[in-house]
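Accompanying notes for the structure given below.
The values are calculated or read from the model by the stated rules, or taken from the named source; none is laboratory data. Since we're looking at a predicted model, the values are computed, not measured. Every residue, glycine as well, gets a Cβ built from its backbone with ideal geometry; the counts of neighbours run over all protein chains shown. Heads up: the accessible areas ignore ligands, DNA and RNA and are worked out on the full protein's heavy atoms, side chains in. Shrake-Rupley method; radii C 1.70, N 1.55, O 1.52, S 1.80 Å.
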Amino acid sequence: MTGRVHGSVHTGFAAVRDVLSEHLSAGLDLGFGFSAYHRGEVVADLWGGHVDVDRRLDWLPTTLLPLTSITKTVLTTTLWRLAELGDVDIEAPVSSYWREFGANGKADITVATVMSHRAGIPAFPDPITLADELEWWPVVRKIQNLTPLWKPGEAHGYHAIVLGFLTSELIRRVTGAPASAAVRTHVIDPLGIDLHMSLSSDDTRRLAEVLPPSDDQVPEVVPAGQREYVAGFVDQDSLLYRATFGSTAMTFEDMNNPAYHSTERPAAYGTAHAVAKMFAALVSDIPEGRLLSPRSVRMAALERSSGMDEVFRLPTRWAGGFMLPGGPLWPDFGRPAFGHIGSTGALAFADPEYEFSFAFLPNKMKSVYEVPDRRAQALIRTCYAALEGM
């Protein structure tokens, strides 16, 4: 028996539907949205499964999902658009726009250094609470008070929680308005996409429930190169733990908490179609036009960090706010892609040479110990087999 997948798909990409159906049948997915563009046209717009753990409500084309860390690419795209307009210089110090940020040895940290996870400030000393986020200024002060853990620019480590707040405040300092306003002006409205930085009560009713890992136990057998990564998630003194679970009071379960959904914070919600369209607008001529010039996209996708990640303790590659393939989290598949993974197992990216974009948004979270996500990897292989056959 196969899981039922809805939507449309180009003939050449029909195998994508089959893979998604197999994942539903095998229980790898509860529900999902998947969308892909090629040369400015939709080649797959698919969805299936359920939005709720009780499996009573079907996933619809209008179903929203928290984008988790894919949100960073929404903020990044906005920041690069502001750079095109001359409102911000990517190579300038953050402190030139946000004077107080320069405290405690951060005066020379550039916007590019922050975006490439090289700033050395990956963890808050205590978790950011929902009350902090509602008031916002406590978060700003905590960022200002951070002291680099390494000399900025000399190493890199994933700023899992810090980066979204830092980028949001930087955009606010540059534009004089909340980051959500800039995202709407420069990303959402030009493309007409179903993407949100907070949700109204009506939109909340369209939001899929996220199913956290039910039994996220440390695996008995761990590959030699991943032992520090696995150990870091259970060692509260590790930088990995402090930069993730130790930097936010929000739990996986809180992704289903309406109090977070209605709060304006560095967390986006959207459909797979919306995310794929955003990435398509970075690398191809869609009817609504490009979001950034080809030159800006080349700069945004330029590798700025590579090698051992001081937080993940795995090899990673980073560009100007985007993740690049390479390392266990997102293995290199021989393409000049740029994008980001998400904690649910989500993946979104663009490939400039193929003018291809990809967005997979599942609501059944993978284990934090599963790297990479097998569902996304199967979809990448299937999509590229289709592209190479066209």
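Brief remarks follow.
- Selection from region 202-230 of residues that are touching a residue at least 40 places away in the same chain (Cβ under 8 Å), of a type outside the set (F, W, Y) and not in a loop (DSSP other than H, G, I, E, B): D203, T204, L207, L211, G225, Q226, E228, V230
- Within region 29-43, tally of residues that are open to solvent by less than 70 Å² (accessible area, probe 1.4 Å) and out of contact with any helix residue (DSSP H, G or I) (no Cβ under 8 Å at 6 or more places or on another chain): 2
- Taking the criterion of being touching a Gly at 6+ places or on another chain (Cβ under 9 Å) and basic (K, R), the residues of region 67-106 that qualify are K72, K106.
- Within region 288-296, not a single residue is in a helix (DSSP H, G or I) and under 17 Å from H340 (Cβ atoms).
- Enumerated strands (runs of 3 or more DSSP E) restricted to region 300-390, each holding at least 3 residues that are closer than 20 Å to F252 by Cα: 356-362
- Residues satisfying the stated conditions in region 184-196, i.e. in contact with a helix residue (DSSP H, G or I) (Cβ under 7 Å, 6 or more places away or on another chain) and within 19 Å of P61 (Cα to Cα): L191, I193, D194, L195, H196
- Any hit, region 1-21, residues being among the hydroxyl-bearing types (S, T, Y) and under 24 Å from V183 (Cβ atoms): no
- Number of positions in region 111-141 that are open to solvent by 10 Å² or more (accessible area, probe 1.4 Å), β-branched (V, I, T) and more than 15 Å from A155 (Cβ to Cβ): 1
- The condition of being modelled with pLDDT of 95 or more, surrounded by fewer than 21 Cβ atoms within 10 Å (Cβ to Cβ) and within 21 Å of L85 (Cβ to Cβ) holds for only one of L329, L292, that being L292.
- Residues that are open to solvent by less than 50 Å² (accessible area, probe 1.4 Å), of a type outside the set (S, T, N, Q) and in contact with a Lys or Arg (Cβ under 8 Å, 6 or more places away or on another chain), drawn from region 80-110: V94, W98
- Number of the exception - A249 against (1) at pLDDT 95 or above; (2) over 29 Å from L149 (Cα atoms); (3) of a type in the set (A, V, I, L, M, F, W, C): (2)
- Some residue of region 300-313 being more than 25 Å from P152 (Cβ to Cβ), touching a Lys or Arg at 6+ places or on another chain (Cβ under 7 Å) and not acidic (D, E): no
- Where a residue in region 13-28 is open to solvent by 40 Å² or more (accessible area, probe 1.4 Å) and its partner, wherever it lies, is among the β-branched types (V, I, T), with Cβ under 6 Å and at least six apart: A15/T382; R17/V5; R17/V9; S25/T2
- Boolean, A160 is within 22 Å of the chain's Cα centre (by Cα) and crowded, with 21+ Cβ neighbours inside 10 Å: yes
- Just one of the listed residues (S168, S198) is within 18 Å of the chain's Cα centre (by Cα), in a helix (DSSP H, G or I) and in contact (Cβ under 8 Å) with a residue 12 or more places away in the chain, and it is S168.
- Exactly one residue out of F356, F360 is under 15 Å from the mean Cα position of the chain (by Cα) and open to solvent by less than 10 Å² (accessible area, probe 1.4 Å): that is F360.
- Flag if G48 is more than 30 Å from P152 (Cβ to Cβ) and touching a residue at least 12 places away in the same chain (Cβ under 8 Å): yes
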